[in-house]
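Shown next, in structure tokens, is the structure this report addresses.
The values are calculated or read from the model by the stated rules, or taken from the named source; none is laboratory data. Keep in mind that what you see is a predicted model, and the values were worked out from it rather than measured. Positions of Cβ are generated from backbone atoms using ideal geometry, with glycine treated the same way; all protein chains shown enter the neighbour counts. In case anyone asks, the SASA skips ligands and DNA or RNA and just uses the protein heavy atoms, side chains included. Shrake-Rupley method; radii C 1.70, N 1.55, O 1.52, S 1.80 Å.
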Amino acid sequence: MTATAASPAGMGRQSGHRDRYLLGDSTAEVEHLAHQAEVYAEEAEQLLDLVGVTAGSSAIDVGCGVLGILPLLCARAGPVGRVVGLERETRILDAARQYAAERGLPVEFVQGDATSLDLPSDSFDFVHERTVLLNVQRPAAVIGEMTRIARPGGVIDLQEPDFSSCVCDPPHPAWDPLLAELLAAYRRNGKNFNSGRRIARDLRAAGLTDVQVRVTARLTQPGEYYQTFLLTLTSLMRDQIITGGRLTAADFDAQAESLRAHLAQPGTLTCQPTMLQAWGTKP
Ligand SMILES: C[S@@+](CC[C@H](N)C(=O)[O-])C[C@H]1O[C@@H](n2cnc3c(N)ncnc32)[C@H](O)[C@@H]1O
């Protein structure tokens, strides 16, 4: 699929929100989100097996990106079910509509802000989000809204990363500084990149019952898409990292180039962020 209204990598328009999506809406981010949906489908399938999304279910993917877990939800909910994709960013939502049309997915798309949903209470059997909480300043507001729109007895589930597992071997001198700059740029914007470790606690705080949590890990090698995940993120955040003042543009580019060459070397392994998955039931 080719995204429409292309803009140069890392130079996408932002939608003007104060709590804007830091990775932007460039073609590079649209393409990255498509990869994310594909690569993380395996973990998502495991989760859906555990929470039991069945034929006829009504399900929503909040902050669905360009695909999220919508294909998996459609396959499980079936023709009598209902699958909604909610996304705030116009250009990402346009790409999502296009991807869904190309795949024949019967998704109802809604544009909206996950912290203040214009959707009725008590309406979904299954309410899901993945990697949205790390991208908002008020994750509790998102969980509160997800809980509100779930029906009593419905399941709310969250998938969020933890970057403490994000390592490279053999070590490279640019890995830790680039990771640290990425986390710092998120912090400067009031966001927590290590959102995964607290999601079970957050669900309990929102009043959900039977809260369960699990973790998945991912190891990558040269040639695999996620081998360069850190570089993908830092490239999307390049301007904001440089604005932080600890790396000049020239330093940033030199470090990124050197790390890219290292990651391509046979034998270089990376452990990607662990993905924590937590789910609970609305009483
Ligand atoms: C890292 S992406 C994840 C996309 C998708 N969940 C997936 O796993 O492939 C985060 C998504 O959340 C969206 N987003 C960020 N803040 C949002 C908000 N307040 N309301 C709705 N969507 C939001 C972004 O536009 C982006 O598409």
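Brief remarks follow.
- Kirkwood Rh and Cα Rg combined as Rg over Rh, evaluated for segment 197-240: 1.21
- For the chain, the Cβ-based charge dipole about the Cα centre amounts to some 640 debye (Lys, Arg positive; Asp, Glu negative; other atoms uncharged).
- Relative contact order of the chain, pairs being alpha-carbon contacts under 8 Å that are 6 or more residues apart, as %: 19
- Longest segment of the chain lacking trypsin sites (Lys or Arg not before Pro) that sit in a DSSP loop with at most 13 other Cβ atoms within 10 Å: 19-245
- Computed over segment 64-109: relative contact order in percent, which uses C-alpha pairs under 8 Å that are six or more apart: 48
- Surface per residue (accessible, 1.4 Å probe) for the chain, Å²: 42
- Globularity ratio of segment 159-283, using Cα Rg and 2.2 N^0.38 Å: 1.21
- Full extension of the segment from Val39 to Arg20, taken as 0.36 nm per residue of separation minus the current Cα-Cα distance, would add 4.3 nm.
- Gly81 long-range amide H proximity, modeled H, under 5 Å: Gly56
- Total charge dipole magnitude, segment 70-225, about the Cα centre, Cβ charges on Lys, Arg, Asp, Glu only, Debye to nearest 20: 240
- Size of the chain from its Cα atoms: along the principal axes, largest to smallest, the extents are 53, 39, 36 Å.
- Cut-off 15 Å between beta-carbons: net charge of the residues surrounding Gly267, Lys and Arg +1, Asp and Glu -1: -2
- Surface composition of segment 131-206: carbon and sulfur atoms hold 56% of the protein heavy-atom accessible area at a 1.4 Å probe.
- Legend: Rg and Dmax of segment 28-152, from Cα coordinates, 13.4, 39 Å.
- Taking the helices alone, the chain has a mean residue ellipticity at 222 nm of -11500 deg cm²/dmol, built from -39,500 (n - 2.57) per DSSP H run of at least 4 residues and averaged over all its residues.
- Extent along the principal axes, Cα only, for segment 75-134: 29, 29, 20 Å, with the longest axis given first.
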